[in-house]
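A quick write-up on the structure given underneath.
The values are calculated or read from the model by the stated rules, or taken from the named source; none is laboratory data. From a predicted model like this one, the values you see are computed outputs, not experimental measurements. Cβ coordinates were reconstructed from backbone atoms using ideal geometry, including for glycine residues, and neighbour counts include every protein chain displayed. Quick note on the areas: whole protein, heavy atoms, side chains included, nothing else; ligands and nucleic acids left out. Shrake-Rupley method; radii C 1.70, N 1.55, O 1.52, S 1.80 Å.
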Amino acid sequence: MSSDRERLPDFLRNPRGTREEIRELKVRLRKSRLHTVCESARCPNMAECFSRPAAAFMIMGHLCARGCRFCAVETGSPGVVDPREPEEVARAAHDLGLKYVVVTSVTRDDLADGGAGHFAEVIRAVGKRLPDSRVEVLTPDFQGKTASVRTVLEAGPDVFNHNVETAPRLYPAVRPRADYRRSLAVLAAASSLAGEDGSGVVVKSGMMVGLGEDKEEVIQVMMDLAEAGCEVLTIGQYLQPTRNSIKPERYWLPEEYDEMREWGERLGLTVFAGPLVRSSYMADRVFAKTTE
């Protein structure tokens, strides 16, 4: 994680899992030429999740076309999409014995559909090899193209997740090449399309705190998400993943996450909030709680 990790409050440390468990899963993934966002984003929960095992597969390369200042994923030209990847992801999920498969990607602004077609192929490949599994996708904004959202949903995921990440005021500093209203539109499109076909797809989003937002801005984001048709929201503390990443402004206290959860519930959202909560963290349990 951050070079300042030793000075983090105790509630921002996750000691569960071992280096050996991380190494074993990494070896298995590399054999399949696969990447995980857990590794690329330097998630603090990686050891815990890899020991379960659980992983969020990152498709379409490990280089992102954008350069969000909070993210550890490398920026660059992503290159050609590997047509073998859908089957490789499905095979790896099968070999790992996963019952819940999370698939995310780098942002592919270079592709006409933003990579939506490839997402769909991965969903179908996983569904064919693991018919009893659940699939959650965490997508980029597809440059706001509703057709791309439709392509992903038609493949039959159980959860459509797209993160707004932070309050709109902070976008120029944190996500200069993204757009808050465009992200809301993507979620609204997913909610509308899922409602049209009666698929029951859960629409989900996530945000970080600690970047300079205040409580009123967090509540406003929740209000915007609820209006867009979002059902589930994850909230966690932003931690600086590299020396070059933007620094956190403050660490929200554990009891403040309880407040955020209450705010969201009043708006009709199911909120999972905590210092180490991440968009894909315990995604299977979040889904189970949402649909029980």
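Here are some notes:
- Extension gain, residue 110 back to residue 214 (0.36 nm per residue minus Cα-Cα distance, nm): 33.9 nm
- The slack in the chain from residue 243 to residue 80, taken as 0.36 nm per residue of separation less the alpha-carbon distance, amounts to 55.7 nm.
- Length-normalised contact order for region 229-283 - Cα pairs under 8 Å, 6+ apart - percent: 51 percent
- Label-point gap, in nm, between residue 227 and residue 290 - each point 7 angstrom along Cα→Cβ: 2.2 nm
- Only Cα pairs under 8 Å and 6+ residues apart enter the sum, and on that basis the relative contact order of region 177-248 stands at 39 percent.
- Multiplying the residue separation of residue 250 and residue 11 by 0.36 nm and removing their Cα-Cα distance gives an extension gain of 84.7 nm.
- Sorted peptide list for 201-208, 120-127, criterion being average Cβ within 10 angstrom, highest first: 201-208, 120-127
- Three-way shape label, region 130-170, alpha-carbon gyration tensor, a/c 1.5: oblate
- Note on residue 266 and residue 173: their simple-model spin labels are 2.7 nm apart, each label 7 Å out from Cα toward Cβ.
- Cα gyration tensor shape of region 244-292, rounded if a/c is under 1.5, else prolate or oblate by comparing a/b with b/c: oblate
- A simple spin-label model places the labels of residue 124 and residue 192 2.6 nm from each other, with each point 7 Å out along Cα-to-Cβ.
- Protection proxy ranking of 237-249, 90-102 - average other beta-carbon atoms within 10 Å, highest first: 90-102, 237-249
- Computed FRET value (nearest 0.05) for residue 94 with residue 146, which takes r as the C-beta separation and R₀ as 45 Å: 0.90
- Region 152-292: radius of gyration and largest Cα-Cα distance (Dmax), Å: 14.7, 46
- Protection proxy ranking for 226-232, 274-280, using the average of other Cβ atoms within 10 Å per residue and placing the highest first: 274-280, 226-232.
- Accessible area (Å², 1.4 Å probe, nearest 10) - residue 63: 40 Å²
- Here region 91-121 and region 147-198 have alpha carbon centers that stand 16 Å from each other.
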